[in-house]
Amino acid sequence: MPSLINMTEKKTTPPKLVRDLMSVGVPTCALDDSVRDLTRWFLEKDIEGAVVLDELGHGAGVVTRDELVKVYGQGNWEGLTAEAIMAVDIPQAPPDIPLSVAAQIMQDTGVRVLFMTHHAGGINYPAAFLTYKHFLRHLSAFNEEELRDLGIEAQRESPIDVFTRRRDQALQRARSQQRRS
């Protein structure tokens, strides 16, 4: 049994929170992005999931690798769009919960990506995300330096700038898709 002295001398460190490991800036796509284009993009950029934005830039749903594999299994995916396959509930978690709780939420709900939202400039937008890959990187890291690109403290564009840029890119992709059709 540990002595009382050892127990009181033992320093406890606070648990790591979602905000310490999340990636700021969320992949987004347009309602009319094709399943083929989404799949290519997911593979090229190693994306786990993307928030589907409507014409005004508001989150309408989410497409993850799960939705893509599900539609593949159904067999008739040609001509389908993000809107046709998206899940309307965007899995969310607050940034100030322990990472262990977020991992348990993901396990319990069967999702591999959680999104954190932020309210600024009159809109509520997806600002950050956490995936299984974040946990795996944390498990494999020898030191905090290996994770310096993650978390709220990482140097990067502001969340609203990232959201606006990605929303504009998704809208531009959607417009070019419309012109090709």
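The values are calculated or read from the model by the stated rules, or taken from the named source; none is laboratory data. These numbers were taken from a predicted model, which means no experiment stands behind them. Cβ coordinates were reconstructed from backbone atoms using ideal geometry, including for glycine residues, and neighbour counts include every protein chain displayed.
Taking the residues in the stretch 116-142 that are over 18 Å from the mean Cα position of the chain (by Cα) and at pLDDT 90 or above as candidates, determine which candidate is farthest from Ile90 (Cα to Cα). Restricting to residues being over 18 Å from the mean Cα position of the chain (by Cα) and at pLDDT 90 or above, the top hit is Phe142. Considering only residues that are polar (S, T, N, Q) and under 15 Å from Gly61 (Cα atoms), which ones fall in the stretch 77-134? Of everything in the stretch 77-134, those that are polar (S, T, N, Q) and under 15 Å from Gly61 (Cα atoms) turn out to be Thr81, Gln92, Thr117, Asn124.
Could you please give the count of residues in the stretch 90-121 that are within 17 Å of Val162 (Cβ to Cβ) and part of a helix (DSSP H, G or I)? The number of residues fulfilling the criteria is 0.
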